[in-house]
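The values are calculated or read from the model by the stated rules, or taken from the named source; none is laboratory data. Worth saying up front: this structure is predicted, and the values here are computed from it rather than measured. Counting neighbours? That spans all protein chains shown, and the Cβs are built from the backbone with ideal geometry, glycine included.
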Amino acid sequence: MQRQTTKLFVSIAACHFLSDCCSGVWPMFKYLAGLDLGRAGFIATVSLIVGNAIQPLFGLIVDRHGPRHLVLLSIACVSCAMLLGPLAVAGPRFSTDTWYGLMLALMMIVTIGSGMFHPAGTSAAGRISGNRKGVLISAFIACGMIGFSISHAIFNFAWQTLDRQTQWLLVPAVVIFLLAFAWCRPPAVEHLDAAGPGRLAQLSGVRGQLAILFLYQAITWGVFHAFVYLMPELTVLRGCPEWFVRGGGYFFWVAGTVVLMVPLGHLSDRVGAKRLLIVCTSLSIVLFYLILLLPQLPLWLLAVMFMLNGGLAGSTNPIGVALGQRLAPGCVSLVSGILMGLAWALGSVTIWICGVMAGNPDIGITRTLMIIGTSLVVALALTFGLHARGGGAPVDIATE
């Protein structure tokens, strides 16, 4: 049994790393390929809306048929991100509209694969047996965050070293797929969280609180992912070195989430989720505008601020979802789908808006982010409407 648990964990952790690494490359690709910010933002928005909105559907499929087949299919889908390099090389052969259309189709496959993996992967992780289950699931989440943090650097390295022939990155992807095919065999369990009529009735009494959390998640996810979308261009404007522009800055941003997520989860158990959301959101707003308004920051200080802001922004997501799960304990999967998949789908529109605004020379990148960032004040105001109960970081959710 211990050996089976180890094999299952290694396979889904490797898949989580690959899934998040592949789904995180688009902001770097659009910078390297010199894409129009508005069109690239539209591609990001449409693909993320579809990929996030259908997560609840994949959750239902996992509940009925188990996670194994969706894990394998999702890995095949997200690995298509490695074809962006060859597509860039082939760009001159197509009209502009056709080229962007092909990139949209490719990114739709990638984001659908990501949306497929997270309910399947977290379900498989939740079936890990043994007395170290909590540690293994934390490590599973961390592997995904590591994949995110180095996605820009890996793609940039392949782009530069292999002369845009990023399809060679499919070689390790195939290895991980074969590993999952052999080892990802989660034990069958009886699903106890089916959202039947009786359980759905729980939502009627807390729909106001869930609406607040939904809007909070949509706003914060949208603003901070718009910041990540424009991060390469923003760091160029700041005069940052190439290593920081081409993945270093993003690494510090995601590393902050890895460092702060668990401590803040424990803190929410002690002080309450509402108080912690208020504090974290307030600090995020301050750091967000300090980064934008102080262009002459030393690089080490900018890296620290990226880590703190990324950590605060990334950690509020699982805290908010955990609070929602505790409001309706009989509908954990449904609540997670609403507060992650559907909320992130709505928040994705912010990326397109930012792309169009930033592409306007009269507005520019810095002013675009300053304007969009004002919505964080609305998110902060929403947190004061939450009940002072709930807390803790959840176990059975994806934090990306």
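Of the residues screened, Gly101 is not one that is at pLDDT 85 or above, in a helix (DSSP H, G or I) and either surrounded by 21 or more Cβ atoms within 10 Å (Cβ to Cβ) or touching a His at 6+ places or on another chain (Cβ under 6 Å) (or both). Taking the listed residues Val236, Val223, the one that is β-branched (Val, Ile, Thr) and either touching an Asp or Glu at 6+ places or on another chain (Cβ under 8 Å) or surrounded by fewer than 23 Cβ atoms within 10 Å (Cβ to Cβ) (or both) is Val236, with no other qualifying.
Within the stretch 161-177, the residues that satisfy the criterion of being assigned to a helix (DSSP H, G or I), touching a residue at least 40 places away in the same chain (Cβ under 8 Å) and within 21 Å of Pro232 (Cβ to Cβ) are Thr166, Leu169.
Residue by residue, here is whether (1) surrounded by fewer than 24 Cβ atoms within 10 Å (Cβ to Cβ); (2) assigned to a helix (DSSP H, G or I); (3) among the aromatic types (Phe, Trp, Tyr); (4) in the same structural domain as Ala345 (by TED's automatic domain parsing) holds:
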| position | (1), (2), (3), (4) |
| --- | --- |
| Thr5 | yes, yes, no, no |
| Leu8 | yes, yes, no, no |
| Ala13 | yes, yes, no, no |
| Phe17 | yes, yes, yes, no |
| Tyr31 | yes, yes, yes, no |
| Gly34 | yes, no, no, no |
| Asn52 | no, yes, no, no |
| Ser74 | no, yes, no, no |
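Among the residues of the stretch 202-216, those identified as among the hydrophobic types (A, V, I, L, M, F, W, C) and assigned to a helix (DSSP H, G or I) are Leu203, Leu210, Ala211, Ile212, Leu213, Phe214, Leu215.
Does Ala345 count as in a helix (DSSP H, G or I), in the same structural domain as Ser375 (by TED's automatic domain parsing), in contact (Cβ under 8 Å) with a residue 24 or more places away in the chain and more than 25 Å from Leu290 (Cα to Cα)? Criteria met by Ala345.
One residue stands out in the stretch 170-190 among those that are surrounded by fewer than 13 Cβ atoms within 10 Å (Cβ to Cβ) and within 23 Å of Asp63 (Cβ to Cβ): the one that is modelled with the highest pLDDT, namely Ala188. Exactly one residue out of Ala328, Ala358, Ala273, Ala255 is small (Gly, Ala, Ser), farther than 22 Å from Ala211 by Cβ and more than 17 Å from the chain's Cα centre (by Cα): that is Ala358.
Each row is one residue, and each column tells you yes or no for (1) at pLDDT 95 or above; (2) of a type in the set (A, V, I, L, M); (3) under 28 Å from Leu234 (Cβ atoms).
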| position | (1), (2), (3) |
| --- | --- |
| Ile319 | no, yes, yes |
| Gly324 | no, no, no |
| Leu327 | no, yes, no |
| Ala345 | no, yes, yes |
| Pro361 | no, no, yes |
| Gly385 | no, no, no |
| Ala388 | no, yes, no |
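Applying the set (1) free of Cβ contacts under 8 Å to residues at least 24 places away in the same chain; (2) closer than 19 Å to Ser23 by Cβ to Met261 leaves exactly one unmet item: (1).
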